[in-house]
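Step one of this worksheet: look at the structure below.
The values are calculated or read from the model by the stated rules, or taken from the named source; none is laboratory data. Please read all numbers here as calculations on a predicted model, not as lab measurements. Here the Cβ positions follow ideal geometry from the backbone for every residue, glycine too, while neighbour counts run over all protein chains shown. We work out accessible area using only protein heavy atoms, side chains counted, and drop any ligands, DNA or RNA first. Shrake-Rupley method; radii C 1.70, N 1.55, O 1.52, S 1.80 Å.
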Amino acid sequence: MTILNENGVTVSETAVNIPGQPLRISDIRSTRVASDTRGIALPVSISVIGAILLVIGFIRASGAFWVPGIMLVVVGWLAWWTQDTRHRLFVTTESKGEVEALVSADKAFLERVVAAIQAARNTPPKSAS
């Protein structure tokens, strides 16, 4: 029985099939989702350099400074605003240890995968009749 089949990831009662990385449910010891944080140093640095050029441009009344200054301030803001936060699903197995199983920008999807894995782990094995 398939518990989850979404975005190329299939979780059944016996296995998790992530593209390029099949895992047995019986091997999985734990799962966790970790999120990367947005980098702040580069966008702020770009914006500060732009602000400095903008101030110099207004003091010297020179478009050669304030036009690139405005552009760099905007580029710094866009660099911050458009950063993707990546979420990673780590699975701990007995044979491989902790491995990065899946990366996605959609944390809710990874949480559904974790819930499906937990449901599969909690499903009692069927006896042969």
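Tabulated data
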| read-out | value |
| --- | --- |
| DSSP H segments from the chain that extend 18 Å or more along their own axis, Cα-based, with Kyte-Doolittle mean of 1.6 or above | 41-60, 63-81 |
| With every protein chain in place, region 18-90: carbon and sulfur % of accessible area (1.4 Å) | 70 |
| Length added when fully stretched, Ser45-Arg121, from 0.36 nm per residue minus Cα-Cα | 22.6 nm |
| Amide proton proximity set for Thr93, modelled H, under 5 Å, gap of 5+ | Arg29, Glu98, Val99 |
| Exposed trypsin sites (Lys or Arg not before Pro) absent: longest stretch of the chain, with sites in DSSP loops and at most 16 other Cβ within 10 Å deemed exposed | 39-85 |
| Per residue value of the accessible surface for the chain (all protein chains in place, 1.4 Å probe), Å² | 63 |
